[in-house]
1. Any idea which residue in region B:39-59 is farthest from A:His174 (Cα to Cα), counting only those that are of a type in the set (S, T, N, Q) and assigned to a helix (DSSP H, G or I)?
2. Quick one: is A:Ala85 among the aliphatic types (A, V, I, L, M), under 26 Å from A:His140 (Cα atoms) and under 18 Å from the mean Cα position of the chain (by Cα)?
3. Only one of these is touching a residue at least 12 places away in the same chain (Cβ under 8 Å), of a type outside the set (Gly, Ala, Ser) and away from chain A (no Cβ under 14 Å): B:Ile34, B:Ile52. Name it.
4. Would you pick out the residues in region A:182-213 that are surrounded by fewer than 20 Cβ atoms within 10 Å (Cβ to Cβ), of a type in the set (Lys, Arg) and more than 10 Å from every other protein chain (Cβ to nearest Cβ)?
5. Would you confirm, using the coordinates I've provided, whether A:Ser259 is under 16 Å from the mean Cα position of the chain (by Cα) and over 26 Å from A:Asp181 (Cα atoms)?
6. Of all the residues that make up region A:90-117, how many are charged (D, E, K, R), out of contact with any Ser or Thr (no Cβ under 6 Å at 6 or more places or on another chain) and either assigned to a loop (DSSP other than H, G, I, E, B) or surrounded by fewer than 16 Cβ atoms within 10 Å (Cβ to Cβ) (or both)?
7. Can you tell me which of A:Met180, A:Met204 is at pLDDT 95 or above, in contact with a Lys or Arg (Cβ under 7 Å, 6 or more places away or on another chain), farther than 27 Å from A:Thr54 by Cβ and of a type outside the set (Asp, Glu)?
8. Look at region B:60-92 and say how many of its residues are more than 8 Å from every other protein chain (Cβ to nearest Cβ), closer than 16 Å to A:Met204 by Cα and either charged (D, E, K, R) or not in a helix (DSSP H, G or I) (or both).
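The values are calculated or read from the model by the stated rules, or taken from the named source; none is laboratory data. From a predicted model like this one, the values you see are computed outputs, not experimental measurements. Backbone-built Cβ (ideal geometry, glycine too); neighbour counts: all protein chains shown.
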Amino acid sequence: MRYIEPHAHMVSRTTDDYEKLAIAGCEALCEPAFWAGFDRSSPDGFYDYFRQLTDYEPKRAAKFGIKHFSWLCINPKEADDPVFAREVMSIIPQFLLKPTVLGIGEIGLNKNTQNELKIFEEHVQLAVDHDLPILIHTPHLEDKLKGTRLIIDSLANFSKIDRSKVIIDHVEEHTIQHVMDEGYWAGMTLYPHSKCSLDRAIDMLEIYGSDRLWMNSACDWGISDPMAVPKCAVQMKARQHTVEAITKVIYDNPREFLSQSPKFVL
Amino acid sequence: MKSINMLTKQELLDLQFIEIRHKLIDLGAFLDRIDRHEGESDFRVSALKDAIQFLGEDRPDRSAAILNALSDHSTELPQSATFQGATGAAQS
C-alpha cells in the first residue's frame with residue numbers, strides 16, 4: 001500500500017530506515033526542522049542543518065525512490081532565546097528558494113513562554129509574507145492543552161492567514177476538537193510512549209471522521225517508530241476500515257494538504 | 001461508499017481484551033512498585049491516582065478526561081522556560 005509520511009526527522013535515522021519505509025510503500029516524506037536532542041551553539045549550526053535538510057536528505061531518500069521535502073524554522077525549544085532565534089530566522093529566507101522546501105515548520109510552543117510565543121508569531125508572519133503553508137508543533141504531555149489553546153488564540157490575530165494551509169500537529173483526544181472546530185488541519189503522531197497509540201488514533205478517526213486529518217510517525221532521535229504509519233494502516237484493516245478509508249488518511253489527505261505548495265509534486 | 005464496518009463489542013473484546021488487561025495489570029504493578037521502593041514519591045503519583053478515577057465512570061470521553069486531568073491549567077505565561085522537558089503531569 002502506498003503512503004506518504006508527512007512528518008519524519010530522518011537526519012536522526014539510519015539509511016536502513018529509508019529502505020524499510022520504501023519497502024512499506026512510502027512514496028514521499030516530509031521533514032520539519034526541529035530540535036536535534038541538544039541545543040545548537042550558533043546560527044552556523046542551523047545553517048548546516050538547513051543544508052542537510054535541503055541538499056543531503058533528498059539525495060539519501062532518492063536512493064530508495066522516496067521523495068524528500070522539508071519545512072524550515074527554528075524550533076520552539078531553541079526559540080526561547082529571542083536574540084538567537086532571530087539570528088537563525090535571518091538565514092531562513094535564502095533556503096525557502098530551494099526546490100524541496102514546502103513551508104514554515106515545525107514552529108509552535110514547548111513550555112508556553114512569552115519568548116516562544118513571540119518567535120512563533122514572527123514565524124507565522126514570515127509564512128504569511130511568503131504565502132507558505134505552516135506546520136505547527138504542539139507541546140508535550142502536560143503542556144499540550146495550554147499550548148494548543150495559546151496557538152489557536154494567537155493564529156486568530158492573523159487576519160490574512162488561510163486556515164486550510166495550516167496544520168496543527170500532535171493532537172490528542174483533549175485537543176483535536178479545538179483544532180478541527182477552528183478549521184485547521186490536524187496531525188496525529190503515533191508514538192510508542194507519548195502522543196497517540198495506533199488504536200487511539202483510529203478511535204479519533206472513527207469519532208471525528210478523516211477530513212483534514214493525517215497521521216505521522218514523527219520518528220526522530222528518541223523513542224519512536226518510523227514504521228508507525230504502515231503499522232497503523234494494518235491496525236485500521238484489522239478494525240475493518242476499508243482500503244479506501246485507509247488510503248484517504250495515509251495518502252490522499254497528506255497529498256491534498258501538501259499539494260498546496262507547488263513544490264510538492266509526486 | 002461506507003468506509004468502515006465498525007466492529008461489534010464482542011469482536012473488539014476478542015481482538016483487544018487481553019492486551020488491555022495486560023496494560024491494566026502493569027499499571028497496578030507500577031503503583032505497587034512505587035510503594036515498595038525507598039524514598040519520597042511526588043506529584044505524579046497523586047496525579048495518576050486522580051486520573052485513574054475516570055476509568056470507572058460511565059462516559060464517552062474517558063481518554064480526554066484523563067488527558068485533561070494530567071494537563072497544566074495555569075493561565076500565566078513565564079517570560080522564559082526554567083527547563084525544556086515535560087514530566088507528564090502538572091504540578092499544582
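1. This residue is B:Ser46.
2. Taking the combined requirement at face value, the residue does not satisfy it.
3. Answer to the check: B:Ile52.
4. Scanning region A:182-213 gives a single hit, A:Arg212.
5. Spelling it out, it is not the case that A:Ser259 is under 16 Å from the mean Cα position of the chain (by Cα) and over 26 Å from A:Asp181 (Cα atoms).
6. Qualifying residue count, region A:90-117: 1.
7. Selected residue: A:Met180, the only one of A:Met180, A:Met204 that is at pLDDT 95 or above, in contact with a Lys or Arg (Cβ under 7 Å, 6 or more places away or on another chain), farther than 27 Å from A:Thr54 by Cβ and of a type outside the set (Asp, Glu).
8. Final tally of qualifying residues: 2.
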